[in-house]
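Before any comments, here is the structure.
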Amino acid sequence: MNKPGETVFDRLRHRGVSRRDFLQFCTLMAAALGLEASAVPKIAEALETKPRPPLIWLDFQECTACTESFIRSGHPLISDIILDLISLDYHELLQAAAGHQAEEVRLKTISEYKGKYLLAVEGGTPLGENGQYCTIGGKSALKILEETAKDCAGIIAMGSCASWGGIAAASPNPTGAKPVNALIKNKPIVNVPGCPPIPDVMSGVVTHYLTYGKFPELDFAGRPKSFYLHRIHDKCNRRAFFDAGLFVEKFDDEGARKGWCLYKLGCKGPTTFNACATMQWNEGVSYPIRSGHPCFGCSEENFWDNGPFYTHLASLPGMPVGLNADRFGGALAAITVGGVAIHAGATAVSKARQAKGKKEE
């Protein structure tokens, strides 16, 4: 629970975090959020002076992967600090309390911090059978969500289940699962989709909220732009092979061993907006495409219903009209050969003109 007036830096200092590491964290967060270097002192000041916001974390229809990701931030410094940015007052998986005692903590936070606490939601919210598919303490997930969201300052929808409905909402959606933004309309909501989402995004969202008193700028899908602005394809380590028309045809073929593009194996990187290729996972070691598996597009809405995972996209954004990636390599080769021929022809014409000029002299 929160200590009255305790700031993030107070908490960090008690944990033995040096000021140098603290400023390093502020710099990392500014960079991750796409802010200029001038924002670092502002972030530092906010974390030094503002109380840690209480956070209530609700778990509904989910597999706990978002929580597992949340507590395993890729950068060691961030993983040490992420739980100090907030006062995690209620989280069924991580808290020691259980049953009525746990529910009393949630209600106490709602009562004592009206308009000041943040709400994180993990998992879809089922509406079928009057919410009987997910109940806690005799209350439906919908009832708990509405009750907790009423006086919160803002909501963070953690993962694709909370952002889009998730696997539970896959056709035919037997439980009637819904995302947070379909049920709560009068609160600021930031979607942090992914299955699971990148943990450092949570740090960035909370840091921005602490610094500026609001969530970061969002894209058309309600995701923080600083983390979901680019397609994975744009900064993929295999992009050069895509541009050269070199594709893996099947797992463990020669192309796979050479690290060629995974488009033909169903990679959804060209249509998926996320920071996987830049932030990566496991302390920046790798991410699915780099490790040899095509992207499923797990941060995109309805990714579970958007066709078979291992069937490649019919067309890609940015491709010339009438040209798909299957034909891209051949077209690129033809363009290259054509370019060589044109260059050779131009060179021959130039030489002929030079020879004619000398003859006339």
- Query: Using θ = phi - 60° and the Karplus form 6.51 cos²θ - 1.76 cosθ + 1.60, what ³J(HN,Hα) does each residue of the range 49-62 get, whole Hz, x for Gly and Pro?
  - Reply: 10, 8, x, 5, x, x, 10, 9, 10, 9, 10, 10, 7, 7
- Sorted by chain and then number, the residues having a modelled amide H within less than 5 Å of the amide H of LYS178, at least 5 places away or on another chain, are THR125, LEU127
- Message: Quick check on my link table: of LYS108/LYS150; LYS50/LYS185; LYS50/LYS235; LYS50/LYS108; LYS114/LYS225, which ones sit more than 25 Å apart, alpha carbon to alpha carbon?
- Response: LYS50/LYS185; LYS50/LYS235; LYS114/LYS225
- How much length is gained if the chain between THR278 and GLU146 is pulled fully straight, taking 0.36 nm per residue apart and subtracting their Cα-Cα distance, in nm to one decimal? 43.9 nm
- The answer for chymotrypsin sites (Phe, Trp or Tyr not before Pro) in the range 175-257 that fall in a DSSP coil and have at most 10 neighbouring Cβ atoms within 10 Å is PHE220
- Message: For a protection proxy built on the mean count of beta-carbon atoms within 10 angstrom, sort 43-52, 109-118 highest first, please.
- Response: 43-52, 109-118
- Message: Which one, TRP260, PRO294, CYS276, projects farthest toward the positive side of the charge dipole computed for the range 232-305 from Cβ point charges (K/R +1, D/E -1)?
- Response: TRP260
- Packing-wise, with mean Cβ within 10 Å as the measure, how do 126-138, 173-185 rank, highest first? 173-185, 126-138
- Task: Would you mind computing, in nm to one decimal, how far apart the modelled labels at ASN130 and LYS258 are, each placed 7 Å from Cα along Cα→Cβ?
- Result: 6.4
- Task: Place a +1 charge on the Cβ of each Lys and Arg in the range 8-228 and a -1 charge on the Cβ of each Asp and Glu, then give the dipole magnitude about the Cα centre in debye, rounded to the nearest 20.
- Result: 440
- Query: What are the ³J(HN,Hα) values, in whole Hz, obtained from phi via the Karplus relation 6.51 cos²θ - 1.76 cosθ + 1.60 with θ = phi - 60°, for each residue of the range 105-114 in sequence order, with x given for Gly and Pro?
  - Reply: 5, 4, 5, 5, 4, 4, 6, 7, 10, 3
- Task: With a 10 Å radius around each residue's Cβ, average the other Cβ atoms per peptide and rank 302-315, 159-172, highest first.
- Result: 159-172, 302-315
- Query: Which FRET efficiency value, to the nearest 0.05, is calculated for ALA31 and HIS230 with the Förster distance at 22 angstrom and r the Cβ-Cβ distance?
  - Reply: 0.90
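FYI, it's all coordinate maths here, none of it is from the lab. Source: prediction; values computed, not measured. So basically every Cβ, Gly included, is an ideal-geometry build from the backbone, and we count neighbours across all protein chains shown.
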